[in-house]
Amino acid sequence: GGGGCSYVGKNDVNVADTVYRISKAWVGLDSFNQPSWWGEQPFSWTNLDYVMSHELGHSLGLLHANGWDCQDQILYGDCQHIEYGNYFDTMGSNSYSLHFNGFYKELLGWVKPEASLLINQSGRYTINDLESGSGIKLAKIKVLNFDNVPFYLEYRKATGFDERLKEDPLFS
């Protein structure tokens with residue numbers, strides 16, 4: 001078959017009379033060594049590479065990176081949830097990028113609070129690329145009178161696992 005599954009800290013394992021709650025993942029692919037079905041990359045990237053990366057994300061506690069499509073009425077149209085709809089995240093459909101998004105990297109502690117900028121008023125702001133070694137790596141826009149999660153902004157360079165970002169139709 002194909003695909004995989006991962007459980008976060010839900011499995012009891014006995015080791016030397018002690019019970020540990022662990023995460024567990026499995027991958028089942030007939031064509032694990034074939035080029036990835038989820039988007040061809042400019043370097044060797046197989047079905048196994050993608051599924052293992054995705055399931056590792058689940059084992060770390062991440063959910064799917066989904067999309068929200070409102071047609072031409074952004075946020076106000078007939079919006080539809082799209083499972084796996086983030087094409088720029090391994091937890092989504094993995095078409096253009098193989099990294100986790102900025103929100104997930106912050107959630108995992110990979111982006112420290114001092115590398116995140118909270119925007120709560122109009123102005124001009126600068127952020128570095130998400131994979132940079134220093135500076136502000138992401139920005140969060142806090143919408144007035146809105147208590148939910150802020151909008152996250154990130155900048156990605158077309159290098160390494162993000163190399164496909166320089167391709168059409170994304171370049172324009």
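The values are calculated or read from the model by the stated rules, or taken from the named source; none is laboratory data. Keep in mind that what you see is a predicted model, and the values were worked out from it rather than measured. Here Cβ is always computed from backbone atoms with ideal geometry, including for glycine, and neighbour counts include all displayed protein chains. Surface accessibility is based on the protein's heavy atoms, side chains included, excluding ligands, DNA and RNA. Shrake-Rupley method; radii C 1.70, N 1.55, O 1.52, S 1.80 Å.
Each peptide in 55-61, 129-135, 156-162 was scored by the mean count of other Cβ atoms within 10 Å over its residues; highest first, the order is 55-61, 156-162, 129-135.
Over the chain, with every protein chain in place, what whole percent of the accessible area is carbon and sulfur at 1.4 Å, could you tell me? Walk me through the intermediate numbers first.
Working: 6100 of 11230 Å².
Ligands and nucleic acids excluded, carbon and sulfur give 54 percent.
Pull out the extension gain between residue 11 and residue 40, defined as 0.36 nm times the separation in residues minus the alpha carbon to alpha carbon distance; nm, one decimal.
Stretched fully, the residue 11-residue 40 segment lengthens by 7.0 nm.
Each Lys and Arg adds +1 at its Cβ and each Asp and Glu adds -1 at its Cβ; summed about the Cα centre, the range 110-172 shows a dipole of about 220 debye. For the chain, taking Cα atoms only, Rg and Dmax work out to 18.5, 60 Å respectively. Using the Cα coordinates of the range 1-102, the gyration tensor eigenvalues translate into equivalent-ellipsoid semi-axes of 30, 20, 10 Å, sorted from longest to shortest.
Taken about its Cα centre, the chain carries a charge dipole of about 580 debye when Lys and Arg each add +1 at the Cβ and Asp and Glu each add -1 at the Cβ. When cysteine pairs in the chain are screened for C-beta atoms closer than 4.7 angstrom, the residues that find no partner are 5. Entry comment: accessible area of the chain is 65 Å² per residue, from protein heavy atoms only and a probe of 1.4 Å.
Placing unit charges on the Cβ atoms of the charged side chains and taking the dipole of the range 39-172 about its Cα centre, the candidate lying farthest along the positive direction among 92, 74, 119 is 119.
For the pair residue 22 and residue 59, the difference between a 0.36 nm per residue extended length and the Cα-Cα distance amounts to 12.4 nm. For the range 44-146, the equivalent ellipsoid derived from the Cα gyration tensor has semi-axes of 25, 21, 12 Å, listed largest first. Counting 0.36 nm for each residue step from residue 146 to residue 48 and taking away their Cα separation leaves a gain of 31.2 nm. For the range 158-168, backbone phi angles converted through the Karplus equation (6.51, -1.76, 1.60; θ = phi - 60°) give residue-by-residue couplings of 7, 9, x, 5, 9, 4, 5, 5, 8, 7, 5 Hz, Gly and Pro being listed as x. With a simple spin-label model that places each label point 7 Å from the Cα along the Cα-to-Cβ direction, the separation between residue 134 and residue 167 comes to 3.5 nm.
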